[in-house]
Amino acid sequence: MRPDTPPSASAPSSSASAAPASPADSRELLVDYPHEGVAVVRLNRPQATNALSLHLQALLSQAFTQLAADPAVRVIVLTGGEKVFAAGGDIKSMEGAGPIEIMQRHTERVWAPIERCPKPIIAAVCGYAFGGGAELAMHCDIILAGEGASFSQPEIRIGIMPGIGGTQRLVRAVGKFNAMRMLLTGKPVGAEEARAMGLVSQVLPDDQVLPEALKMAALIAAMPPLAVVQIKEVVLAGVDASLETALMLERKANQLLFATRDQKEGMQAFIEKRKPTFEGR
């Protein structure tokens, strides 16, 4: 187990617009390694309900850049506090901004390391995930939510709209009609409703969300990592492709895995009725 480390401790930012973080500031984002192959990224601005300030977004960008490049990390768990996952964007930083300033912040570059992370990301959501917090959760591959969790895109209530994928990822997750209801009313949905809509993978008692996320992460981390990466890549690439193209991507990725040592080890272990040892090669 490695100790909590600030994400800026070992690598520079991946984004030109993200300023380097000082050790004190980087305590707003904690990175821990509780199990072999598993990293936990924790939002740590409780005094600001984990609002996604520009600085915190830069720290997330740095952390995911480092974790994606770390061969010891196979799965990432992203979480917030016990009562709030993330309250959304920092309104004070946007109130006086004009369109050119907003454009020049290039949030798409800051969020790209999360969006393009090749490793599975599990969101462990307790409390509310509003605005940018919901969008952050939707950047993940699996969302585990506490019974008291809620999700919303309330941007319309302050005269704007989601700007980090809320209109696009939400409609892909829950369909047009559920997405429109959430986007146009700004009203939150609870965890069970979110699960029924397809936004949440599983609902758990609040105190079991992080333990279950860690258990699931450890299970995935024990799988052959090349197969894990290929599955994520093909699923995401196939979402917006035609079925014919997506099936072709699946076939090619599956064929490629037959060139790996892990495929040989996995099948041999199955035949010999023993536990396989996967090396990621």
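At-a-glance table
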quantity	calculated
Pair list, Cβ < 6 Å and 6+ apart or interchain, from the range 95-115 residues that are assigned by TED's automatic domain parsing to the domain that holds residue 64 and closer than 22 Å to residue 69 by Cβ to residues that are of a type in the set (S, T, N, Q) and part of a loop (DSSP other than H, G, I, E, B)	106/17; 109/15; 110/15; 113/14
Those residues of the range 19-41 which are hydroxyl-bearing (Ser, Thr, Tyr) and at pLDDT below 95, in sequence order	22, 26
Residue satisfying condition, being modelled with pLDDT of 95 or more and out of contact with any Phe, Trp or Tyr (no Cβ under 7 Å at 6 or more places or on another chain), within set 125, 110, 174	174
Flag if residue 280 is farther than 20 Å from residue 145 by Cα and either acidic (Asp, Glu) or assigned by TED's automatic domain parsing to the domain that holds residue 71 (or both)	no
Single residue of 98, 88 found to be surrounded by 22 or more Cβ atoms within 10 Å (Cβ to Cβ) and at pLDDT below 95	88
Residue ranges of helices (runs of 4 or more DSSP H) in the range 180-281 with at least 2 members within 30 Å of residue 128 (Cβ to Cβ) and in contact (Cβ under 8 Å) with a residue 12 or more places away in the chain	191-197, 209-221, 225-239
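The values are calculated or read from the model by the stated rules, or taken from the named source; none is laboratory data. None of these values were measured; they are calculated from a predicted model. Backbone-built Cβ (ideal geometry, glycine too); neighbour counts: all protein chains shown.
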